[in-house]
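See structure below.
The values are calculated or read from the model by the stated rules, or taken from the named source; none is laboratory data. Treat the numbers as computed from the prediction; the structure is a model and nothing was measured. Here the Cβ is made from the backbone with ideal geometry for all residues, glycine too, and neighbour counts use every protein chain on show. All accessible areas refer to the heavy atoms of the entire protein, side chains included, with ligands and DNA or RNA removed. Shrake-Rupley method; radii C 1.70, N 1.55, O 1.52, S 1.80 Å.
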Amino acid sequence: MTHWFHRNPLKATAPVQFNYYGVATTPASSKICNDLRLSRTRLLELFTDLSCNPEMMKNATDLYFSLLQGFILSLDDSSQECKLRYIQNFKWTDTLQGHVPCAQQDAVFELVSMGFNVALWYTKYASRLAGKEDITEDEAKDVHRSLKIAAGIFKHLKECHIPKLITPVEKGRDLEPRLIDSYIIQCQAEAQEVTIARAIELKHNPGLIAALAYETANFYQKADQTLSSLDPTYAGKWRKYLNLKSCFYMAYAYCYHGQTLLASDKCGEAIRSLQESEKFFAKAEALCKEYGETKGPGTTAKPSGHLFFRKLGTLIKNTLEKCQRENGFIYFQKVPAEAPQLELKANYGLVEPVPFEFPALNAHWTPETLAAFDLTKRPKDDTAKPKPDEEVKPLKEPDIKPQKDSGCQIS
């Protein structure tokens, strides 16, 4: 598979022990606290475990979130707030702002922050699979599915849980709408890249491929524009990626649109379309260099040397030369001064996020278990809070640089 995806770092978090000595007054309530600590630690370990797959991730997330819901949900389905929601302080960093943590004493903040990391894991899992040299058709489907799942998680957090935070989200932080929207759109665009690769391999109609490429380019452009008001110190590298992918798929769109025009005996217009494709490809090539030179969060790579990039350059060159030969021997049509307007709409292959819901409350949470948490027994100094100077260590992520591509396509 000839894909390469930019990835921002995972969020890091301070350890949470869930030790409520005196507050958890029964063995059942103490067991829930112990299970919360163990399941949270296990989930954090899986984020950086190369052997982790979607089934393992789902099992781990379902367990932790089903337990954590007991700090948030009312057991009698009323609108009343759970008494445990504010018992614990949680500290998280952001994907763009490095080691600068944000802390909130709110279980909803933990829910959305951990959920955000789960979505990021799915994008990173997809990136690793897409970078394999000999990817199978099933693995390509996994890439496609994982990106749609990630988009669904981001969308669910934005619409259903982030609005419930008591403390407003600071500008430039992961949970604010601009960043969430950009992550959603990027996931959709990257999933459509897989669709386009499949359509090309199966030699689908060039008109369909051109329309899909055009829609994908617009997705990337929209994601880039969404980040335009952010500090370039943090978002600059990410925006270079989104911009170069937008130009790259505009080049694809004009290239395949040119093939459609040639098949309709519009050779002059086809040549102009291919010339426009060359321009966008040159822009993308320049942005690849700028991306490699831009400092900031994210993966380090030289995308212009990657096979996915080089193959398009060869395709544009060969298709343009073919059009020029045909025009010189058969059509003798004038090449328009203006590039054709792309008014393409894909009727198939467009990606929508997979709907996501957090798991139901764990069966260990009962009215009796909740009643066994006696908040009047909390120590006055509130040891549940982390120390102000407690360090949040970044997660040691596996190497996700693009591997050397053999040129194999999805089979």
SER66 passes all but one of the listed conditions (1) in a helix (DSSP H, G or I); (2) of a type in the set (Ser, Thr, Tyr); (3) farther than 30 Å from TRP4 by Cα; (4) modelled with pLDDT under 95; the exception is number (4)
All conditions in (1) in a helix (DSSP H, G or I); (2) within 15 Å of MET114 (Cβ to Cβ) are true of ASN34 except (2)
Across the range 16-39, the tally of residues that are of a type outside the set (Phe, Trp, Tyr) and in contact (Cβ under 8 Å) with a residue 40 or more places away in the chain stands at 12
(1) in a helix (DSSP H, G or I); (2) over 27 Å from LYS393 (Cα atoms); (3) open to solvent by 10 Å² or more (accessible area, probe 1.4 Å) all hold for LEU73 apart from (1)
Restricting the range 76-113 to residues that are among the hydroxyl-bearing types (Ser, Thr, Tyr) and touching a residue at least 24 places away in the same chain (Cβ under 8 Å), the one surrounded by the most Cβ atoms within 10 Å (Cβ to Cβ) turns out to be THR93
- Query: Quick check: is even one residue across the range 342-355 in a helix (DSSP H, G or I), touching a helix residue (DSSP H, G or I) at 6+ places or on another chain (Cβ under 7 Å) and modelled with pLDDT of 80 or more?
  - Reply: no
Out of (1) without any contact (Cβ under 8 Å) to a residue 40 or more places away in the chain; (2) touching a His at 6+ places or on another chain (Cβ under 9 Å), the one LYS245 does not meet is (1)
The residue that is modelled with the lowest pLDDT, considering only those in the range 72-118 that are aliphatic (A, V, I, L, M) and more than 17 Å from ASP62 (Cα to Cα), is VAL100
THR226 fails exactly one of (1) touching a residue at least 12 places away in the same chain (Cβ under 8 Å); (2) open to solvent by 50 Å² or more (accessible area, probe 1.4 Å), namely (2)
Of the residues in the range 265-286, those that are closer than 10 Å to PHE248 by Cα and open to solvent by less than 80 Å² (accessible area, probe 1.4 Å) come to SER277, PHE280, PHE281, ALA282, ALA284
Reported set for the range 141-160 where residues are in contact (Cβ under 8 Å) with a residue 24 or more places away in the chain and either open to solvent by 10 Å² or more (accessible area, probe 1.4 Å) or farther than 15 Å from ALA189 by Cα (or both) is ASP142, HIS144, ARG145, LYS148, ILE149, ILE153, LYS155, HIS156, LEU157, LYS158
